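Chemist: Quick one: this structure, given as structure tokens, is what I'll be asking you about.
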Amino acid sequence: MSKNKLVTTLDDALAGLQPGMTITVGGFGICGNPFTLIEGIAERGIGNLTVYSNNPGSHPERGPLGLAHLVERKLVSRFGGSHNSFNKEFERQYLAGEIEVELIPQGTLAERMRAGGAGIPGFYTATGTSTFVAEGGLPEMFDGQGGVSKQSQPKETRVLEFQGQEREYVFERAITSDFGFIRAHKVDKAGNCVFRNTAQNFNMEAGMCADITVVEAEHVVEVGELDPNEIHLPGIFVDRILQLTPEQAENKPIEIVITRPKGGEDPTEAIAHHEPLVREDGKGWTRNGIAARAALELNDGDYVNLGVGIPTLVANHVPDGVDITLQGENGILSIGPSPTEDEVDADLINASKATITLLPGSATFSSSMSFAMIRGGKINAVILGSLQVAENGDIANWGIPGKKMNGMGGAMDLVNGVDHVIALMEQRSDKHTEPKLLHRCTYPLTGSQCVKRVITDLGVYDITEDGFLLVELAPGITVEDVVNHCRVEVKISDNLKTN
């Protein structure tokens, strides 16, 4: 008979965790975070920790959530993750030189954890090639004066053949940890875990790669009560089970709650239907108009990944007769509209951390499975917001040196795993007045030579061997307007379309 792995106290659950250890923690944003275990670490003041997790928790006005409890108490000396989410205190500590940060593409993070649990010391991936991830130079420590005191080192790269094509790959080392802290919906006393909806995310991977894995369980059942076919993480990977109280199990804060009225439109659909597509002065597309134009790029039957910002509006403009399936890199296929107030579910969020619903035929899965789809070429199109695009198809969309270094999230994996990459941006923006179409990007690259088409408030550009080719003008825009907002030569198509 399987060993009963239940522990009765937080002290028992955290026994052996010492300052200076490395921990892996499940969750995407705060969805699926092991809140009780994290808060137990914080209360005990166990510090100087190296933490690997997708995000360092959230720190809204109502107080710290998830790993933000450790960050606020300065118990984390080094953090490895893909995005700093909504944690202003983490961002302050990073820029002030108080915490060391390893920025890791989201899919690489998931696969490094999975590899660690599978006994694979490392692997080659196309994600991050031709960027600071491979070449070195990512800021790991700032000096508090605006400078960088420590930066990432170059990684090994090799040109390898895969499926008949040669390309460059970068070697990534596996992640292992002293402790893994995860949360599951149902756990039997042998440690078999069932996760729920998008709360699965990194929990499987964070639990696999640890020497000691502790799961906080919303529901504990007897051995034999779980259907063997529904188990996500077998109990062989789990060492301790902490049964949550009903109150603790219900404690699931949500970072972004977006709802629609019963029988009413999704808020994003309302924007799509009621906000104008053309600017008030009649010159150029609005953000909504950019999204509407981008939707015309999609084909019936496509699997599509939409980035945050303007791309989130694209789904509301898909033409009649075109049926697409939306994929969220946090582990979901077939994303539905925003929920009504009584449908809100903390275990159902999109990659922007906002509440969603499921459509018939939806599937939820782990982060490593999600990025297997992306890197494996199963996604037909990705539409990303962008800060800069270069004439050779390079894109920068995740960081502004000295101002914002949020992390790359899943964008690096997407631009390397999807052939049809479309970049959206406002060339005329109150926030960023510098030219955004350039000879070469000046911000850290997301990907190299990957963008095929750029859609802005001024028009539509193709990336060709000769650079930018203007193929369509937005309403009220002239060729002269386009030239004035570019820092690079733009060629004009012989078949230029006007609106």
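The values are calculated or read from the model by the stated rules, or taken from the named source; none is laboratory data. Because the structure is a prediction, the values reported are computed rather than measured. Heads up, the Cβs are rebuilt from the backbone with ideal geometry, glycines too, and the neighbour counts pull from every protein chain shown. For accessibility, only protein heavy atoms count, side chains too; no ligands or nucleic acids. Shrake-Rupley method; radii C 1.70, N 1.55, O 1.52, S 1.80 Å.
Chemist: On alpha carbon coordinates alone, what is the Rg over Rh value for the stretch 2-105, Rh being the Kirkwood radius?
Modeler: Numbers: Rg = 13.6 Å, Rh = 13.9 Å.
The Rg/Rh ratio comes out at 0.98.
Chemist: Further, regarding this structure: So what does Thr478 come to for accessible area, using a 1.4 Å probe and Å² rounded to 10?
Modeler: 60
Chemist: Can you bin every Cα-Cα distance in the stretch 294-361 into 10 Å intervals starting at zero and give me the percent of pairs per bin, rounded to whole numbers?
Modeler: With 10 Å bins starting at 0, P(r) equals 20, 54, 24, 2.
Chemist: A further question follows. Quick one: Karplus J couplings for the stretch 334-344, per residue in order, coefficients 6.51, -1.76, 1.60, θ = phi - 60°, nearest Hz, x for Gly and Pro?
Modeler: 6, 7, x, x, 4, x, 6, 4, 7, 9, 4
Chemist: Quick one: Karplus J couplings for the stretch 267-282, per residue in order, coefficients 6.51, -1.76, 1.60, θ = phi - 60°, nearest Hz, x for Gly and Pro?
Modeler: Along the stretch 267-282, the couplings run x, 5, 5, 4, 4, 4, 7, 10, 7, x, 8, 10, 4, 4, 7, x Hz.
Chemist: Enumerate by residue number the GluC sites (Glu not before Pro) in the stretch 181-255 meeting two conditions: DSSP loop (anything except H, G, I, E, B), and at most 16 other Cβ atoms within 10 Å of the site's Cβ. Let's see the in-between values first.
Modeler: Numbers: sites: Glu205, Glu216, Glu218, Glu222, Glu225, Glu230, Glu247, Glu250, Glu255; in loops: Glu222, Glu225, Glu255.
Hits after loop and neighbour filter: Glu222, Glu225.
Chemist: If Lys403, Lys5, Lys283 are ordered by their accessible area, calculated over protein heavy atoms with a 1.4 Å probe, which sequence runs from highest to lowest?
Modeler: Details: Lys403 145, Lys5 35, Lys283 100 Å².
So, going from the largest accessible area down, we get Lys403, Lys283, Lys5.
Chemist: Any idea of Thr176's accessible area? Nearest 10 Å², probe 1.4 Å.
Modeler: Spelled out: Thr176, probe radius 1.4 Å, area about 80 Å².
Chemist: To continue, here is another question. Percentage of Cα-Cα pair distances in the stretch 91-199 greater than 17 Å, rounded to whole percent?
Modeler: Working: 3992 of 5886 pairs.
So the portion of pairs separated by more than 17 Å is 68 percent.
Chemist: Now, a different point. Normalising by the residue count of the stretch 269-498, find the relative contact order in percent from Cα pairs under 8 Å and 6+ residues apart.
Modeler: Values: 500 pairs, mean separation 41.6, N = 230.
After rounding, I find 18 percent.
Chemist: Let me ask something additional. Counting just the Cα atoms, what span does the stretch 362-499 cover along each of its three principal axes? Round to the nearest Å and put the largest first.
Modeler: 48, 37, 28
Chemist: Please work out the average accessible area per residue across the stretch 5-44, using the 1.4 Å probe convention, and give it in Å². Numbers along the way, then the final one.
Modeler: On the way: 1270 Å² over 40 residues.
Per residue, the stretch 5-44 has 32 Å² of solvent-accessible surface.
Chemist: Using R₀ = 41 Å, calculate the FRET efficiency as 1/(1 + (r/R₀)^6) where r is the Cβ-Cβ separation of Gln449 and Asn251; round to 0.05.
Modeler: Details: r = 46 Å, r/R0 = 1.13.
After rounding to 0.05, the efficiency reads 0.35.
Chemist: Still on this structure, I have one more. Per residue, what volume in Å³ does the Cα convex hull of the stretch 269-498 take up? If you can, show how the numbers build up before the last one.
Modeler: Values: hull volume 31.5 nm³, N = 230.
Cα-based convex hull of the stretch 269-498, divided per residue, equals 137 Å³.
Chemist: Could you give the nm distance between label points at Asn48 and Asp323, where each point is 7 Å from its Cα heading toward the beta carbon?
Modeler: Between Asn48 and Asp323, the label points sit 6.0 nm apart.
Chemist: Can you list the residues, at least 5 places off or on another chain, whose amide H is less than 5 Å from the amide H of Arg260, using H built in the peptide plane?
Modeler: Thr340, Glu341
Chemist: Rounded to a whole number of µm²/s, how large is the Stokes-Einstein D of the stretch 178-280 at 37 °C and 0.692 mPa s, given Rh as the Kirkwood radius over C-alpha pairs?
Modeler: On the way: Rh = 16.0 Å.
For these conditions, the coefficient is 205 µm²/s.
Chemist: If you scale each eigenvalue of the Cα gyration tensor by 5 and take the root, what three semi-axes come out for the chain, rounded to whole angstrom and sorted largest first? Can you show the working numbers first?
Modeler: Values: eigenvalues 312, 130, 88 Å².
Here the semi-axes work out to 40, 25, 21 Å.
Chemist: For the chain, give the share of DSSP beta bridges that are antiparallel, in percent and rounded to the nearest 5; count only bridges with both residues there. Each step should come with its number before you reach the end.
Modeler: On the way: 39 of 91 bridges.
Bridges in the chain are about 45 percent antiparallel.
Chemist: Could you tell me the distance between the Cα centroids of the stretch 30-94 and the stretch 245-303, to the nearest Å?
Modeler: 29
Chemist: So what is the relative contact order for the chain, in percent, with contacts set as C-alpha pairs under 8 Å and at least six apart? Mind showing how you got there, number by number?
Modeler: Details: 1282 pairs, mean separation 67.6, N = 499.
Rounded, it is 14 percent for the chain.
Chemist: Can you pull the accessible area of Arg78 for me, 1.4 Å probe, Å² to the nearest 10?
Modeler: Taking all protein chains as shown, Arg78 has close to 50 Å².
Chemist: Follow-up question, since we're still on this one. For the stretch 136-183, report the convex hull volume of the alpha-carbon atoms normalised per residue, in Å³, without decimals.
Modeler: 177
Chemist: With all protein chains present and a 1.4 Å probe, how do Val133, Val278 order by accessible area, largest first?
Modeler: On the way: Val133 5, Val278 50 Å².
The most accessible residue leads, giving Val278, Val133.
Chemist: Roughly what % of DSSP beta bridges within the stretch 269-498 run antiparallel, to the nearest 5?
Modeler: Details: 21 of 42 bridges.
Expressed as a percentage, antiparallel bridges in the stretch 269-498 total about 50.
Chemist: Give the long-range amide H neighbours of Ser149: residues separated by 5 or more places, or on another chain, with amide H under 5 Å away, using H modelled in the peptide plane at 1.01 Å from N.
Modeler: Met141, Phe142, Asp143
Chemist: Please work out how much length the chain gains when fully extended from Ala118 to Arg92, using 0.36 nm per residue of separation minus the C-alpha to C-alpha distance, in nm with one decimal.
Modeler: In short, 5.8 nm is gained.
Chemist: Could you calculate the contour length gain from Asn499 to His219, that is, 0.36 nm times the residue separation minus the distance between their Cα atoms, to one decimal place in nm? Walk me through the numbers on the way to the answer.
Modeler: Values: separation 280, 0.36 × 280 = 100.80 nm, distance 5.77 nm.
The span from Asn499 to His219 would gain 95.0 nm if fully extended.
Chemist: Say a paramagnetic label sat at a point 7 Å from the Cα of Asp143, along Cα to Cβ; which residues of the stretch 405-423 have their backbone N under 20 Å from it?
Modeler: 405
Chemist: Using the Karplus equation 6.51 cos²θ - 1.76 cosθ + 1.60 (θ = phi - 60°), what ³J(HN,Hα) coupling, rounded to whole Hz, does each residue of the stretch 107-117 give in order, writing x for Gly and Pro?
Modeler: With coefficients 6.51, -1.76 and 1.60, one gets x, 5, 4, 4, 6, 5, 5, 4, 4, x, x Hz.
Chemist: To two decimal places, what compactness ratio does the stretch 438-499 give when its Cα radius of gyration is scaled by 2.2 N^0.38 Å? Don't skip to the end; give the middle numbers.
Modeler: On the way: Rg = 11.8 Å, N = 62, 2.2 N^0.38 = 10.6 Å.
Working it through for the stretch 438-499, the quotient is 1.12.
Chemist: Which order do you get for Tyr303, Tyr169 if you rank them by accessible area with a 1.4 Å probe, largest at the top? Walk me through the numbers on the way to the answer.
Modeler: Values: Tyr303 95, Tyr169 30 Å².
My answer, sorted largest first, is Tyr303, Tyr169.
Chemist: Report, by chain and number, residues whose modeled amide H sits under 5 Å from the one on Leu387, excluding near sequence neighbours (fewer than 5 apart, same chain).
Modeler: Under 5 Å from the amide H of Leu387 lie the amide H atoms of Ala396, Asn397, each far enough along the sequence or on another chain.
Chemist: So what's the Cα pair-distance distribution over the stretch 234-342, bin width 10 Å, in %?
Modeler: Final binned percentages: 12, 31, 28, 15, 10, 3, 0.
Chemist: Expressed in nm to one decimal, what extension gain is obtained for the pair Leu160 and Lys491 from 0.36 nm per residue of sequence separation less their Cα-Cα distance? Mind showing how you got there, number by number?
Modeler: Working: separation 331, 0.36 × 331 = 119.16 nm, distance 3.51 nm.
Result for the pair: 115.7 nm of gain on full extension.
Chemist: Roughly speaking, to the nearest percent, how much of the chain's 1.4 Å accessible area is carbon and sulfur? All intermediate terms of the calculation are to be shown ahead of the outcome.
Modeler: Working: 9750 of 20770 Å².
Taking all protein chains in place, the chain shows 47 percent carbon and sulfur surface.
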